[in-house]
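**Student:** Please find one structure pasted underneath; my questions will follow.
Each value in this text was obtained by applying a stated rule to the coordinates, not by laboratory testing. Note that this is a predicted model, so its numbers are computed, not measured. Heads up, the Cβs are rebuilt from the backbone with ideal geometry, glycines too, and the neighbour counts pull from every protein chain shown.
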Ligand SMILES: [Zn+2]
C-alpha cells in the first residue's frame, strides 16, 4: 500500500464510514427506498460525484480493484480525478477493465460487460427523487413513496405519449424496484435500464447534495415504467461502432474534424478496446499505416 | 333507496377555540341521494363537509361509511392509506375553485385519466378513451382532450373537475359550492349538468351551498345550519316551502326578496 499519509484509509474517518454503511444496509434492506445520510464535505465540489465517492469510500477495502467511469469512459477528467483520489487515499489497485474490477463507480453509464455477483456498482446521483419535477414538495413525495401512490408518474408518461407519440425520457428513466419503490436510476441512458433488472451485482446510489443513499440488491426486479400498449423500449443510434463494429452497444457521436465529419463509437471505452483487442474491426477504424503515420 | 345509509354521522362536535363550528350534528346519507347543507358563511357547513369526508377531525362524535361490500368504517379511524385510496376511488371531492383540484400543466385527458392511473390502469389507449368519453359527458368537445386547462373558461374548468372526479364512478361525491364564482348563465348550465349526471349515475352527494336555489334544484333533502347547529332538516321542497325555524324563514324570505 502506498496510501497518502495523514488521511484515514479512503479519506473518510471510520465513524463517518460506519454511519454511511448503516445507511447502505438500510437501503439494501428496502430496495429502491431513499435513506437520508449525513453527507460530509468532500475535497471535490458537489456535482463531481461526492455522493458516489462517499459510498465508495464506505465500502472500499484494501483488496478491492476500483474502476471509475464517466459517461462510459475511463479517461475523462472526472473519472481520472476520482480514480487518483482513491489511489492516493486508499492505495487500492485501479483498473479500466470492467471484468477485473470489484468496485465500479459510475456517472451516466452501466458497463456493457455484464456484472457479476462479486462486483459492486456505485452510481453518482444528482437528483435522487424521481418525482421531484412533478411534485416540488418533499413532504408530499415522501407520502407518495410511503403509500406507493405513483399515479402521478404515469400521468407524466401519459402526457409524453400524447404530445410526442412516445415517452420522451431518454435519461434517468423512472423504474419500479422490487414492485414497490419508484426510483431514479441516475442519468444513465434508458438503454441501460434493462441491465439493472436482476443484476447479480449489488447496485448502490449516492446523492451527495441531496444527502440520500439507495440501493438495488443483487437479483432484484427493476421495471421501467410503461403502458401495456406503449411498452418500454430501448433505443440506440442506428449504427455500428466505427472502431469495433459493435451493433449492440450504446454509441456516442464524436465529431472527428471541422468539416462536419462524425463518427459513432462505443461510449464504453473498455468494451470497445476489449473488442478491438479480440480482433473486431469497425468500418472507420484506422489502418495500421494510419496509426504508424500518427 | 335501501334502508342502509352510505354515510352516517352522530353527535359531531368541533370548536375552533371558543367558536363552536359543529354542535352535536347528526347526518345521514342514503345511496343515490343528494343532501344539501345550507347556511350562511360561518354556519359550520364547510366544516361539516370536511369532517364528513375525513379531511378534518371532529372532537366528538363519529362518521360511519359503508363500503361497496357493506362493511362499515369509522372514517376517522381508517388508516391514512385506506382513506386516501377511498378518496381516489369510491369518493370524490368537487372544490369551488377547480384549480385546487386540477393540474393546470397537464392536458385535459391527463387530468381526467389520473385517477384511473392511480388505480392501476396501464393501457394508454383505454385511459384516453375513457377521458374522451368523460369530456363528452361533461359537454366538453372531444378535440380539447390534449389541451391544457389554462385555455379553458371557468365553467369548462368546473366541468373538467367533475369529469376528473367521476371517472372512477364514485358512489359518493362531496361538493363545496360547485357553482360559486360563476356567471349566472354558466351556473344554470352547470347545475343542469350536475343534476343529470348524479341522477343517471346514481351518485350520492353531500352538497354545501349558501344558495337556496342550488339546493332546491339539486337536493332531495336539506339541512339548515346556523352557528354550528342543524336548526332544521327535511325534504327540500317541504323545508323551503314551509320553513318552521325562524332562521330558515329568514333565509327563504331573503331569497324571495332578491
Ligand atoms: Zn466499439
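**Student:** Confirm whether residue A:145 is surrounded by fewer than 15 Cβ atoms within 10 Å (Cβ to Cβ), touching a strand residue (DSSP E or B) at 6+ places or on another chain (Cβ under 8 Å) and within 13 Å of another protein chain (Cβ to nearest Cβ).
**Tutor:** No, not satisfied.
**Student:** For segment B:122-155, what are the residues that are surrounded by fewer than 20 Cβ atoms within 10 Å (Cβ to Cβ) and touching a strand residue (DSSP E or B) at 6+ places or on another chain (Cβ under 9 Å)?
**Tutor:** Those that are surrounded by fewer than 20 Cβ atoms within 10 Å (Cβ to Cβ) and touching a strand residue (DSSP E or B) at 6+ places or on another chain (Cβ under 9 Å): B:122, B:123, B:125.
**Student:** Moving on to the next point. Of the numbered conditions (1) within 14 Å of another protein chain (Cβ to nearest Cβ); (2) closer than 23 Å to residue B:126 by Cα; (3) in a loop (DSSP other than H, G, I, E, B), residue A:169 fails exactly one; give the number of that condition.
**Tutor:** The failed condition is (1).
**Student:** On to the next question. What single numbered condition from (1) under 23 Å from residue A:48 (Cβ atoms); (2) assigned to a loop (DSSP other than H, G, I, E, B) fails to hold for residue A:115?
**Tutor:** The one condition residue A:115 does not meet is (1).
**Student:** Between A:106, A:77, which is surrounded by fewer than 20 Cβ atoms within 10 Å (Cβ to Cβ) and more than 14 Å from chain B (Cβ to nearest Cβ)?
**Tutor:** On inspection, the qualifying residue turns out to be A:77.
**Student:** Working only within segment B:89-118, note down all residues that are more than 20 Å from the chain's Cα centre (by Cα), in a helix (DSSP H, G or I) and more than 25 Å from residue A:146 (Cβ to Cβ).
**Tutor:** B:108, B:109
**Student:** Report yes if some residue within segment B:149-159 is in a loop (DSSP other than H, G, I, E, B), within 14 Å of chain A (Cβ to nearest Cβ) and in contact (Cβ under 8 Å) with a residue 40 or more places away in the chain; otherwise report no.
**Tutor:** Within segment B:149-159, none of the residues are in a loop (DSSP other than H, G, I, E, B), within 14 Å of chain A (Cβ to nearest Cβ) and in contact (Cβ under 8 Å) with a residue 40 or more places away in the chain.
**Student:** Mind checking which residues of segment B:39-88 are assigned to a loop (DSSP other than H, G, I, E, B) and surrounded by 17 or more Cβ atoms within 10 Å (Cβ to Cβ)?
**Tutor:** B:39, B:43, B:44, B:53, B:54, B:58 - these are the residues of segment B:39-88 that are assigned to a loop (DSSP other than H, G, I, E, B) and surrounded by 17 or more Cβ atoms within 10 Å (Cβ to Cβ).
**Student:** Here's something else I'd like to know. Just checking, does segment B:214-237 include any residue being without any contact (Cβ under 8 Å) to a residue 12 or more places away in the chain and surrounded by fewer than 20 Cβ atoms within 10 Å (Cβ to Cβ)?
**Tutor:** no
**Student:** Quick one: residue A:163 ticks every box in (1) part of a loop (DSSP other than H, G, I, E, B); (2) out of contact with any helix residue (DSSP H, G or I) (no Cβ under 9 Å at 6 or more places or on another chain); (3) within 12 Å of another protein chain (Cβ to nearest Cβ) except a single one, so which number is it?
**Tutor:** If we test residue A:163 against (1) part of a loop (DSSP other than H, G, I, E, B); (2) out of contact with any helix residue (DSSP H, G or I) (no Cβ under 9 Å at 6 or more places or on another chain); (3) within 12 Å of another protein chain (Cβ to nearest Cβ), just (1) comes out false.
**Student:** Of the residues A:55, A:28, A:68, A:35, only one is touching a strand residue (DSSP E or B) at 6+ places or on another chain (Cβ under 8 Å), without any contact (Cβ under 8 Å) to a residue 60 or more places away in the chain and closer than 25 Å to residue A:200 by Cα; which?
**Tutor:** When all the criteria are applied, what remains is A:68.
**Student:** Being over 17 Å from residue A:216 (Cα atoms) and free of Cβ contacts under 8 Å to residues at least 24 places away in the same chain: is that true of residue A:88 here?
**Tutor:** no
**Student:** A further question on this structure: Consider only pairs whose beta carbons are under 9 Å apart and that are at least six residues apart or on different chains; among these, list those whose first residue lies in segment A:248-259 and is within 14 Å of chain B (Cβ to nearest Cβ) and whose second residue is away from the ligand (no atom under 11 Å from the Cβ) and in a strand (DSSP E or B).
**Tutor:** Going by the 9 Å Cβ cut-off, there are no qualifying pairs.
**Student:** Continuing with the same structure: Taking residue B:171 as the residue in question, decide whether it is under 22 Å from the mean Cα position of the chain (by Cα), more than 14 Å from residue B:94 (Cβ to Cβ) and buried (at least 18 other Cβ atoms within 10 Å of the Cβ).
**Tutor:** Considered against the rule, which asks whether it is under 22 Å from the mean Cα position of the chain (by Cα), more than 14 Å from residue B:94 (Cβ to Cβ) and buried (at least 18 other Cβ atoms within 10 Å of the Cβ), residue B:171 comes out as yes.
**Student:** Go through (1) within 16 Å of the ligand (Cβ to nearest atom); (2) in a loop (DSSP other than H, G, I, E, B); (3) surrounded by 14 or more Cβ atoms within 10 Å (Cβ to Cβ) one by one and return the number of the condition residue A:276 breaks.
**Tutor:** Among (1) within 16 Å of the ligand (Cβ to nearest atom); (2) in a loop (DSSP other than H, G, I, E, B); (3) surrounded by 14 or more Cβ atoms within 10 Å (Cβ to Cβ), residue A:276 violates only (2).
**Student:** Criterion first (within 14 Å of another protein chain (Cβ to nearest Cβ), more than 30 Å from residue A:43 (Cβ to Cβ) and surrounded by fewer than 22 Cβ atoms within 10 Å (Cβ to Cβ)) does residue A:218 satisfy it?
**Tutor:** no
**Student:** Can you pull out every residue in segment A:210-269 that is within 12 Å of the ligand (Cβ to nearest atom), touching a helix residue (DSSP H, G or I) at 6+ places or on another chain (Cβ under 7 Å) and part of a strand (DSSP E or B)?
**Tutor:** A:265, A:266
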